[in-house]
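Heads up: the structure comes next, in structure tokens.
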Amino acid sequence: MRVYVPTTLDGLAAAHPGGVLDDRVAYAVTAALREWYVSEDVEELEYAALGRAAEASLRLLAADPAAPRRRVVVAMDVADSGVVPFAGDEYQDQASLGRVQLKGSLPLAKAAAVHADVADAEEDVAAAAGAITAADKGDADAQFTVDGAEDHELLWFATQEIPGLLA
């Protein structure tokens with residue numbers, strides 16, 4: 001199963017080069033995500049899971065004002081037995097769709113790729129990180145600000161490119 005692990009540049013730096021991504025939340029194509037999107041297109045569903053992880057990265061940025069204002073998601077392949085669905089994979093709210101809990105630590109060396117914002121997105125990502133809590137509470141203006149960050153596509157980086165991404 002492909003999982004998308006939200007983090008920050010600081011979190012990625014802590015896990016690189018020989019580190020691990022500890023027990024944490026990730027996003028994947030779950031039954032609830034499939035049901036919500038009513039799609040069987042695996043690429044579309046994986047893109048949706050990646051988007052959920054990018055939003056979770058925003059929440060990590062909101063909690064860490066010192067972190068560089070760039071969303072980061074690590075894509076990894078794990079055994080189905082390596083994850084536990086939240087609440088039996090039942091719908092809780094739209095933001096929880098696809099959320100899973102990783103069982104144990106995952107070596108960053110096993111990552112398939114890293115998806116991250118480029119520097120040009122930092123202003124919009126900073127604004128979105130500042131607005132995400134209000135958006136979660138239903139503030140339409142804050143949601144518009146969060147959507148501004150989502151206008152920036154996360155770029156794909158091979159694992160060999162992580163040092164350059166961190167520089």
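Take the chain, connect every pair of alpha-carbon atoms lying under 10 Å apart with a spring to form a Gaussian network, then pick out the residue of D117, D22, D141 with the largest mean-square fluctuation.
D141
Distance from the Cα centre of region 111-154 to that of region 12-26, in angstrom?
A separation of 22 Å, based on Cα centres.
Quickly work out the E161-to-S81 label distance, labels modelled 7 Å from Cα along the C-beta direction, and quote it in nm with one decimal.
3.5
What percent of all Cα-Cα pairs in region 2-166 falls into each 5 Å bin, going from 0 up to the bin containing the maximum distance?
Taking all Cα pairs of region 2-166, the binned fractions are 2, 10, 19, 22, 21, 16, 9, 2, 0 percent.
List the relative contact order of the chain as a percent without decimals, with contacts defined as Cα pairs under 8 Å and 6+ residues apart.
Numbers: 299 pairs, mean separation 47.3, N = 167.
Averaging sequence separation for qualifying contacts and normalising by length gives 28 percent for the chain.
In deg cm²/dmol and to the nearest 500, what is the mean residue ellipticity at 222 nm of the chain if only DSSP H runs of at least 4 residues count, each as -39500 (n - 2.57), divided by the residue total?
-12000 deg cm²/dmol
What list do you get for E122, E55, E44 if you sort them by fewest beta carbons within 10 Å?
Least crowded to most crowded, the residues run E44, E122, E55.
Taking 0.36 nm per intervening residue step and subtracting the Cα-Cα distance, what contour gain separates K103 from Y47 on full extension?
17.9 nm
Every number in this text was worked out from the coordinates using simple rules, so none of it is lab data. All values reported here derive from a predicted model rather than from experimental measurement. Neighbour counts run over all protein chains shown; Cβ positions are idealised from the backbone, glycine included.
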